[in-house]
1. Expected output is a single nm value to one decimal: the length gained when fully extending between L26 and R64, i.e. 0.36 nm times separation in residues minus the C-alpha distance. What is it?
2. Among the trypsin sites (Lys or Arg not before Pro) in segment 185-259, which ones are in a DSSP loop with at most 13 other Cβ atoms within 10 Å of the Cβ? Mind listing them?
3. Can you give me the span-like helices of the chain, meaning DSSP H runs with 27 Å or more of Cα extent along the axis and Kyte-Doolittle mean at or above -1.0?
4. Subtracting the Cα-Cα distance from 0.36 nm times the residue separation, let me have the gained length for E343 to S288 in nm, one decimal.
5. Report, for the chain, the % of DSSP beta bridges that are antiparallel, rounded to 5.
6. Restricting attention to segment 90-177, which trypsin sites (Lys or Arg not before Pro) occupy a DSSP loop and are surrounded by at most 10 other Cβ atoms within 10 Å?
7. Ignoring everything but the protein chains, give the 1.4 Å probe accessible area of S104 in square angstrom, nearest 10.
8. Looking only at Cα atoms, what is the convex hull volume of segment 297-394 per residue, in Å³?
Amino acid sequence: MTNVPRIYLDHSATTPVDPRVVEAMLPYLTERFGNASSVHFFGQEARAAVDRARREVAALIGARANEVVFVSGGTEANNLAIRGITDSISSHKGHVITSAIEHSSVRGICDALEKDGKSGWEITRLPAYEDGIVRVEDVRTALRSDTVLISIMLANNEIGTLQPIEEIGSLVRDERARGHRQLWLHTDAVQAAGRIPLDVETLGCDLFSLSAHKLYAPKGTGALFVRRGVRLISQNVGGHQEREKRAGTEGVPGIVAFGAATKLAREEMDQRVGHDQRLRDMFESGVSDRVKDIVLNGDREQRLPHLSNISFRFIEGEGLLISLDLQGIAVSTGSACSSGTLEPSPVIRALGRNDELARGAIRFSFGKDNTDQDVDYVLEVLPRVVEKLRALSPLSLKTLSEREIIVMP
């Protein structure tokens, strides 16, 4: 298969590192090697670089620089946000509202809180309905006097649907005005940050998670926006870094890369959004014309511009993924953080889809370096691969047989 092109359509899993980002970080892997906590020249050189990056990350989301805490990635940011809040409650009990389509990191934390026999946390998981969008009214109904945290993602990592965080933020402000002081809003914005314009003031969130490797920077760095005045209990102890919120020597090269990537994302936002959306729409139109028995998952309008999730009936998504990979096309059956599980995607199931559609779901996520020729090649290969797999599928053969019986005179 040496002559097949290599087409990467899995940008929601990770992105290639932009050469301009590599150029920005390289000096901090070589001659500018100082520890940002050291007081001498080398340390202060590193500290200045971290501070510049912090300002760039803050600028991307409309935050103050001193509200940005650097961590190792989105999963740690989500852990710090949720556990940091729940650990700050002296009674170690209360109520958390989340959704049925959260990333596995948020889902896992909430499950652990609920199962912890030493505390008394109750979790309400809101439905996302067929369109993959949480309803603000459901949030309002779920609120209780002991609710301390609402954690709902900004954009879903598998189907790309955008959640009404701004409206939920307004609801939280209203609740506080009525005296519900211990109530905070966290949003996992890992998939959305850098892909659509966002402002934490407009959203009204108190905590906001980001990850560098979704923005054409290396893996291993992320950030948590912590609104001024929000008290978190650090989950890492043993150092005073990040204003006591996250102990550990800062990874300066990764942080510098993150800063460079967020600057580029902010400057090139309109261009990237238009490019990704055009390719995605071109792809979806072509698939709909060429492949029968498909279901497009999630709302068609209120979603990220780069992502398309399609269920192919009568075949296993894993088989389709492997067959496409053999043709040089990289896609995903769902969240990369959940790979290895044999269970149908809980996100697709939460839309009311059956196991067949959940197992047949494929995520195609486009990026700034994809081309029209990439889409043309995928549209040439995909129908052929789907037809071949369906010809071997017992589900497809059974359905065809049933259709023949129905049309017989």
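1. The L26-R64 span can extend by a further 11.0 nm.
2. Working: sites: R195, K214, K219, R227, R228, R231, R243, K245, R246; in loops: R195, K219, R227, R228, R231, K245, R246.
Hits after loop and neighbour filter: R228, R231.
3. Length and hydropathy pass: 41-61, 372-392.
4. On the way: separation 55, 0.36 × 55 = 19.80 nm, distance 2.69 nm.
Working it through step by step, the gained length comes to 17.1 nm.
5. DSSP beta bridges in the chain are roughly 50 percent antiparallel.
6. K118
7. 40 Å²
8. Considering the Cα atoms of segment 297-394, their hull volume per residue is 114 Å³.
The values are calculated or read from the model by the stated rules, or taken from the named source; none is laboratory data. The structure displayed is predicted, hence computed values, not measured ones. We place every Cβ from the backbone using ideal geometry, glycine too, and count neighbours over all the protein chains shown. SASA here: full protein model, heavy atoms, side chains in, ligands and nucleic acids out. Shrake-Rupley method; radii C 1.70, N 1.55, O 1.52, S 1.80 Å.
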